[in-house]
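Visitor: Structure below; questions to follow.
Rule-based calculations on the coordinates, nothing more; no lab input. All values derive from a computational prediction rather than experimental measurement. Backbone-built Cβ (ideal geometry, glycine too); neighbour counts: all protein chains shown.
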Amino acid sequence: MAVAAGRPTGQIQPENPLTAGLERLPVAPTTLVIFGATGDLARRKLLPALYNLAHEGALPERFHLVGVSRKEKAHEDYRAECEEAIRRFSRRKPDEQVLTSLLANVKYIPGTFDQDSVYAELGRVIDDFEKAAGVPLNRAFYLSTAPGFFPVIVEALGRSQLARHENAQVRLIIEKPFGTTLEEARELNRRVLSIFQETQVFRIDHYLGKETVQNMMAFRFANGMFEPLWNRNFIDSVQITAAEDLGIGARADYYDHAGALRDLIQNHMLQLLCHVAMEPPVSFTAEEVRNEKVKVLQAIPQPTAEEIPEMSMRAQYAAGHSGGEDVPGYLEEEGVPEDSNTETYAALRVEVENWRWAGVPFYLRTGKRLARKVTEIAVTLKPVPHLAFSQDGSLGVQPNQLVLTLQPNEGVSLRLGAKIPGTRMIIRPVNMEFLYGTAFLSQSPEAYERLITDAMRGDATLFTRNDEVEAQWRICDPIVSAWTQAPGPLAIYESGSQGPKEADGLLRDGDRWRAI
Ligand code: BG6
């Protein structure tokens, strides 16, 4: 399939010099196999991402898609489902020619993931693609199934000789959650790495595919002005928020076993913390960047049983008001047991015990059904040592704060103190803003677009390494087990609110949560 041929022009605006970086790197011919091809993630994220890559001519010239799932259906029916998902969830309206070209050759294989016949059929389909192409095709196996199937599929790929190719690259992309405890993560790593080499494995944390997360590296390491300030001498605290206005939707099955700590803190939020706290890598290769992130995680002490009540808290949403509607509480959501103790909000205070950060609190909080969707990192500097103009009224003087917003409006904002015009010296905070949307005049690609391309190119920089995922679990594991073993009463917050008041108990030295 030559998707590039149907590519519409004019998507990238050549007259805007700031869009120069939007060009795409070449990808070798590839067959992408999605296990769990009819699931929610495939429909909402993976297929639309593939369409948008095709739209931009960013898929390889020879690209084949194979869906594998339990349900029996014909190739044409699966193609129709892909089309429906793309039309519904793509960030841009599909171009008919690109869509037809992308879906023309899509194959579907029904079966359960432990059935050897599924892999035999998959082998035949892949071979046929190779024969037709006349060149070896790289293979990327995307595990977008329930996590219990990850080892089953990996081992079946090994048994059926699909995990090796003499003349092409074979890659394994694994969705989250990567285990639900440290022990499970270790066991999964062991089983995956008994078949694949670590360099073939791409563990997804979709936050790493977000433009703003990558931009944090540019921001820190391409600008000399921040580095001298980026340490315990000048920074007072770091606050990372991932607030969502939505509830758990139809995901009770998964969510009630996961909870907010496992769902967002163990992965996305610790990754954000790593990007704030890591040392400049020697180079931007996958190994160097991930080495630095692992060092940060290792510098966070594993919480002890005594520390856990002091440095962590959790809560659950009650009924309330969100998006102009009355919404039910967590316990009334469909599929949630009426006595569930699962947290829908979690907050932590951690320290990174190294020379750069010792003594600086890192506050992390996440929750469903909060006042609005916002993901941001706020870095608060220490207050000025002396206010010379205090008698003239300087109540508005607040410490400088740098806020990196990941969503909804990606950008960077710096809070400065400025004099209000007039004869008196009265200071108030003002913001200096940079917004992606207005500066680059382009829509950022979806995280999955970037991640799928990188995995197909074999660049693992934006994926979690085996030791990294284990280091993340090392921090969260004791908290998860403390909460499970001694559930205690959960704090409750109203849907649509700022979250539980009890979260204030984590704050130190006059720190305050930012408004959501
Ligand atoms: C997922 C979680 O990993 O991230 C979801 O499982 C959460 O519960 C989602 O809603 C948030 O992602 P984003 O990109 O919308 O911030």
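Visitor: Under 21 Å from the Cα of LYS293, which lysines turn up, not counting those fewer than eight places away in the same chain?
Guide: The qualifying lysines are LYS176, LYS210.
Visitor: Hey, rough spin-label estimate for HIS75 and LEU25, points 7 angstrom out along Cα→Cβ, what's it come to in nanometres?
Guide: A separation of 3.3 nm, rounded to one decimal place.
Visitor: Report, to the nearest 10°, how far helix 150-159 tilts away from the longest principal axis of the Cα atoms in the chain, using its own Cα long axis and a range of 0 to 90°.
Guide: Rounded to the nearest ten degrees, it is 30.
Visitor: Ok, one more. What do you get for the angle between helix 75-89 and the principal long axis of the chain? Use alpha-carbon atoms, 0 to 90 degrees, nearest ten.
Guide: That works out to roughly 20 degrees.
Visitor: Next up: Between ALA305 and PHE221, what is the FRET efficiency for a Förster distance of 35 Å, r being their Cβ-Cβ separation, to the nearest 0.05?
Guide: 0.40
Visitor: Students often get this wrong, so check it: of LYS45/LYS368; LYS45/LYS382; LYS45/LYS73; LYS419/LYS501, which have C-alpha atoms separated by over 30 Å?
Guide: Numbers: LYS45/LYS368 20 Å; LYS45/LYS382 41 Å; LYS45/LYS73 21 Å; LYS419/LYS501 34 Å.
In this structure, LYS45/LYS382; LYS419/LYS501 lie more than 30 Å apart at Cα.
Visitor: May I pose another question? Return the whole-Å distance between the Cα centroid of region 154-207 and the Cα centroid of region 221-271.
Guide: Value for the Cα centre distance between the two parts: 25 Å.
Visitor: Which whole-Hz ³J(HN,Hα) couplings does region 285-295 yield from phi under the Karplus relation 6.51 cos²θ - 1.76 cosθ + 1.60, θ = phi - 60°, glycine and proline marked x?
Guide: Karplus-based 3J(HN,Hα) across region 285-295 equals 8, 3, 5, 5, 5, 6, 4, 5, 5, 4, 4 Hz.
Visitor: Could you work out how far helix 466-485 tilts from the main Cα principal axis of the chain, as a 0 to 90 degree angle to the nearest 10?
Guide: Approximately 60 degrees, to the nearest 10.
Visitor: Within a 10 angstrom radius of the beta carbon, how do SER340, SER481 rank from fewest other beta carbons to most? The partial results should precede the final answer.
Guide: Numbers: SER340 19, SER481 14.
With the fewest neighbours first, SER340, SER481 line up as SER481, SER340.
Visitor: Excluding same-chain residues fewer than 8 positions from LYS295, which aspartates and glutamates have a Cα within less than 15 Å of its Cα?
Guide: Answer for LYS295, where 15 Å is the Cα cut-off: GLU279, GLU287, GLU351, GLU353, ASP467, GLU468, GLU470, listed by chain and number.
Visitor: Applying 1/(1 + (r/R0)^6) with R0 = 30 Å to the Cβ-Cβ distance of SER481 and LEU193, what FRET efficiency is obtained, to the nearest 0.05? Don't jump to the answer; show the numbers that get you there.
Guide: On the way: r = 25 Å, r/R0 = 0.85.
For R0 = 30 Å, the calculated efficiency reads 0.75.
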